[in-house]
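The block underneath contains the structure these notes are about, expressed in structure tokens.
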Amino acid sequence: TEVCGMRGSIVGVNVGSTGSIRHGSREIATAFVKHAVEQPVEIGPLGLPGDEHVYEDHGGPDMALLVYPIEHYDHWRSVGLDLPATGAMAENLTTHGLVETDVRIGDVIACGTARIQVTQPRSPCFKLAARFQRRSLPVEVQTTGFTGYLLRVLEPGVVAPGDVFEVVERATDLMTVERAGRILNVDRSDLDGAREMLAISALGSVTRRTLEARVAAGGYSVEDTARLYLDDAL
């Protein structure tokens with residue numbers, strides 16, 4: 001395994017409990033809205049204490065933590081979004097450094113005293129649109145590549161704002177989060193790319209299931225269609 005000196009830092013640690021967001025005539029159950037935690041907190045196998053999830057495919061060992069680089073905040077503010085200082089995109093860890101074009105699927109990262117592993121890009125869904133009252137936002141997040149990424153916990157530990165966020169074991173697979181996100185979320189007819197992702201042992205189970213269905217269907221799968229419907233439903 002390649003050892004790498006790629007280094008960033010934790011700007012914010014954020015958790016959220018289940019609540020609701022009104023979007024049009026609907027109330028959406030979600031733990032999207034996060035609040036910052038200033039004191040050191042323990043990262044366990046399922047993420048941070050007090051961080052809740054509503055949907056089956058949110059959370060779990062392969063999606064224990066969501067990272068979002070603060071470098072993207074300026075872009076979203078420039079297009080009119082009113083963002084809090086951290087946790088704006090429902091991320092658990094607001095980071096500086098190690099953006100999607102830097103990080104590979106399978107990279108192992110030191111996060112405070114914990115060790116975590118990059119498993120998959122985020123697949124932005126309709127809750128982003130609901131949170132910011134901007135119907136086009138999930139597609140904008142997908143096409144910019146500013147998705148953030150998800151991680152599993154290899155070694156529990158403690159994290160706090162200001163802590164290190166550093167790649168300590170570089171994945172041998174060359175698939176960056178940005179490229180994986182493009183294959184997963186944008187170029188959904190790229191079956192060769194999907195097969196390349198499926199060959200990565202560290203790939204998260206939810207993305208693996210989506211891509212397996214896509215390859216088996218020879219293109220858009222039922223799961224892809226369902227995701228698109230949810231994006232458009234509001």
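Accessible surface for E166 stands near 40 Å², nearest 10, in the context of the full protein assembly shown (1.4 Å probe).
Order the following by accessible area, largest value first: R214, R122, R135, R208. Probe radius 1.4 Å; ligands, DNA and RNA are ignored. Mind showing how you got there, number by number?
Working: R214 0, R122 30, R135 140, R208 55 Å².
The ordering from most to least exposed comes out as R135, R208, R122, R214.
Taking every protein chain into account, the accessible area of the stretch 106-175 amounts to 33 square angstrom per residue (probe 1.4 Å). In the assembled protein chains, H35 presents an accessible area of approximately 110 Å² (probe radius 1.4 Å). Of the whole protein surface, E100 contributes about 0 Å² of accessible area at a 1.4 Å probe radius. Note on the stretch 89-187: percent of Cα-Cα distances in each 5 Å bin, starting at 0 and stopping at the bin with the largest distance, equals 3, 14, 22, 23, 17, 13, 7, 2, 0. Each label was represented as a point 7 Å from its Cα along the Cα-to-Cβ direction; for R135 and A217 these points are 2.3 nm apart. Nonpolar atom fraction for the stretch 82-234, defined as the carbon and sulfur part of the 1.4 Å probe accessible area, stands at 52 percent.
Suppose R0 equals 30 Å. What FRET efficiency, 1/(1 + (r/R0)^6) with r the Cβ-Cβ distance, do V186 and E155 give to the nearest 0.05?
Working: r = 33 Å, r/R0 = 1.11.
Computed FRET efficiency for V186 and E155: 0.35.
Our estimate of slack between D82 and S201, defined as 0.36 nm per intervening residue step minus the Cα-Cα distance, is 39.0 nm.
The values are calculated or read from the model by the stated rules, or taken from the named source; none is laboratory data. Just so you know, these numbers come straight off a predicted model, no measurement behind them. As a convention, Cβ positions derive from the backbone with ideal geometry for all residues, glycine included, and neighbour counts pool all protein chains shown. Note: areas computed on protein heavy atoms with side chains; ligands, DNA, RNA excluded. Shrake-Rupley method; radii C 1.70, N 1.55, O 1.52, S 1.80 Å.
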